[in-house]
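Notes for the one structure printed next.
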Amino acid sequence: MAKAYLKISVEPGKERIVKDLLLQRKNVLQADLTSGEQDIIALIQAENYEQLMNFVVTELRPIEGIIKTVTNLVLE
């Protein structure tokens, strides 16, 4: 199983909406509103790293309100 932490920047005022949309996806294990450089940190998983990156590119990045994502793969 492949996992990653996704750091997400969103448009002002859309933080909770984006968080709720993330949590509706089966690959999202956790999503938290945070202070600092990013607005949300999410823990995501997929069967392998290729599927994980495909999920980020095709399902998460198109969510309205998301400005930027940074993906940190879990190695161990």
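What follows is calculated from the coordinates using simple rules that are stated; it is not laboratory data. On a predicted model such as this, the values are computed, not experimentally measured, just so you know. Note that we place each Cβ from the backbone using ideal geometry, even for glycine, and neighbour counts take in every protein chain shown.
Tabulated values for the structure
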quantity: Option label - Cα extents along the principal axes in Å computed here, alternatives (1) 33, 22, 17; (2) 38, 27, 19; (3) 47, 26, 24; calculated: (1)
quantity: Vicinal HN-Hα couplings computed from phi for the stretch 68-76 (Karplus, 6.51 cos²θ - 1.76 cosθ + 1.60; Hz; Gly/Pro x); calculated: 8, 10, 10, 9, 10, 6, 7, 8, 8
quantity: GLN30/ASN54 FRET efficiency (R0 30 Å; Cβ-Cβ; nearest 0.05); calculated: 0.90
quantity: Pairs of lysines in the stretch 3-68 (C-alpha under 16 Å apart; 8 or more residues apart or interchain); calculated: 5
quantity: Point-charge dipole on Cβ atoms (K/R +1, D/E -1) for the stretch 2-73, about Cα centre, debye to 20; calculated: 60
quantity: Relative contact order, percent, the chain [alpha-carbon distance under 8 Å, six or more residues apart]; calculated: 48
